1. I need the full set of residues from the range 33-83 which are assigned to a helix (DSSP H, G or I), within 13 Å of the ligand (Cβ to nearest atom) and within 27 Å of residue 100 (Cα to Cα), in order please.
2. Go over the candidates 10, 50 one by one and state the one that is in contact with a Lys or Arg (Cβ under 9 Å, 6 or more places away or on another chain) and hydrophobic (A, V, I, L, M, F, W, C).
3. Going through the range 6-24 one residue at a time, which ones are buried (at least 17 other Cβ atoms within 10 Å of the Cβ) and either within 6 Å of the ligand (Cβ to nearest atom) or in a helix (DSSP H, G or I) (or both)?
4. Do you know which residues across the range 82-92 are over 24 Å from residue 24 (Cβ atoms) and open to solvent by less than 80 Å² (accessible area, probe 1.4 Å)?
5. Take the range 45-73 and flag every residue that is open to solvent by 40 Å² or more (accessible area, probe 1.4 Å), in contact (Cβ under 8 Å) with a residue 40 or more places away in the chain and hydroxyl-bearing (Ser, Thr, Tyr).
6. Considering only residues of the range 93-116 that are more than 11 Å from the ligand (Cβ to nearest atom) and assigned to a loop (DSSP other than H, G, I, E, B), which is surrounded by the fewest Cβ atoms within 10 Å (Cβ to Cβ)?
7. Scan the range 31-39 and give yes if some residue there is exposed (fewer than 12 other Cβ atoms within 10 Å of the Cβ), closer than 19 Å to residue 135 by Cβ and without any contact (Cβ under 8 Å) to a residue 24 or more places away in the chain, otherwise no.
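The values are calculated or read from the model by the stated rules, or taken from the named source; none is laboratory data. Values in this document were obtained by computation on a predicted structure and should not be read as measured data. For neighbour counting, all protein chains shown are included, and Cβ atoms are generated from backbone atoms with ideal geometry for every residue, glycine included. Quick note on the areas: whole protein, heavy atoms, side chains included, nothing else; ligands and nucleic acids left out. Shrake-Rupley method; radii C 1.70, N 1.55, O 1.52, S 1.80 Å.
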Amino acid sequence: MSHAEAQVHLPHVVIIGGGFAGVSAARALRRAPVRVTLVDRRIYNTFQPLLYQVATGGLNPGDVTHFLRSLRTQQPNLDVVHEHLMEIDTDARTVRLLDGQEMPYDYLLLANGVTTAYHGTPGAKENSFAVYSRSQA
Ligand SMILES: Cc1cc2nc3c(=O)[nH]c(=O)nc-3n(C[C@H](O)[C@H](O)[C@H](O)COP(=O)(O)OP(=O)(O)OC[C@H]3O[C@@H](n4cnc5c(N)ncnc54)[C@H](O)[C@@H]3O)c2cc1C
């Protein structure tokens with residue numbers, strides 16, 4: 001049996017989100033007997049703690065991001081898919097992506113992050129700039 005054929009029979013772990021959580025989980029599975037697919041709607045990981053510096057012109061946007069596909073060079077059991085999660089079918093154990101593909105999983109890890117919370121403060125949303133993504137910064 002070839003290496004590729006052997007891989008197909010391994011449990012498939014699908015991770016949604018290539019932020020701190022998703023990337024850490026993928027790395028932790030580096031030597032595990034599984035196939036890992038990391039799905040993110042963006043092609044890059046963002047180091048959010050430095051977005052303030054991008055917003056204030058101290059850093060370039062490219063300084064706080066790195067390409068998720070580069071993880072593959074260090075991890076043979078990892079595949080990176082640039083797509084948007086649309087739907088989860090827990091009975092069929094599949095996720096549906098924006099391009100229409102149904103991706104089967106044995107284990108699903110949701111690490112799709114959070115966004116700005118205004119905690120119900122009147123006027124906060126209308127009078128502030130959110131700094132959660134590279135484009136917002
Ligand atoms: C400005 C700022 C400063 C911060 N400073 C600090 C700090 O100093 N110290 C600290 O500990 N923390 C800090 N944080 C918080 C920290 O950065 C976050 O807690 C952390 O990045 C969250 O990681 P995560 O992996 O859970 O989510 P994220 O990093 O948000 O990653 C989620 C990923 O999921 C992807 N995704 C979302 N929905 C979908 C979908 N439907 N389909 C496909 N992909 C999807 C997104 O593209 C994203 O890549 C800061 C945050 C911000 C915004």
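1. Pass one, the range 33-83, residues assigned to a helix (DSSP H, G or I): 48-55, 61-64, 68-74.
Among the residues that remain, those that are also within 13 Å of the ligand (Cβ to nearest atom) are: 48-55, 64, 68, 71.
Result: 68, 71.
2. On the way: 50 fails: in contact with a Lys or Arg (Cβ under 9 Å, 6 or more places away or on another chain).
Unique residue meeting the criteria: 10.
3. Going residue by residue through the range 6-24, those that are buried (at least 17 other Cβ atoms within 10 Å of the Cβ) are 12-19, 22-23.
Of everything in the range 6-24, those that are buried (at least 17 other Cβ atoms within 10 Å of the Cβ) and either within 6 Å of the ligand (Cβ to nearest atom) or in a helix (DSSP H, G or I) (or both) turn out to be 16, 17, 18, 19, 22, 23.
4. Once the filter is applied, which keeps residues that are over 24 Å from residue 24 (Cβ atoms) and open to solvent by less than 80 Å² (accessible area, probe 1.4 Å), the range 82-92 yields 89, 92.
5. Of the residues in the range 45-73, the ones open to solvent by 40 Å² or more (accessible area, probe 1.4 Å) are 47-50, 52-53, 55-63, 66-67, 69-70, 72-73.
Next, only the ones that are in contact (Cβ under 8 Å) with a residue 40 or more places away in the chain stay: 48, 52, 55, 61.
Across the range 45-73, the qualifying residue is only 52.
6. My answer is 100.
7. Pass one, the range 31-39, residues exposed (fewer than 12 other Cβ atoms within 10 Å of the Cβ): 31, 33.
Right, trim to closer than 19 Å to residue 135 by Cβ and you get none.
The answer is no, given that none of the residues of the range 31-39 is exposed (fewer than 12 other Cβ atoms within 10 Å of the Cβ), closer than 19 Å to residue 135 by Cβ and without any contact (Cβ under 8 Å) to a residue 24 or more places away in the chain.
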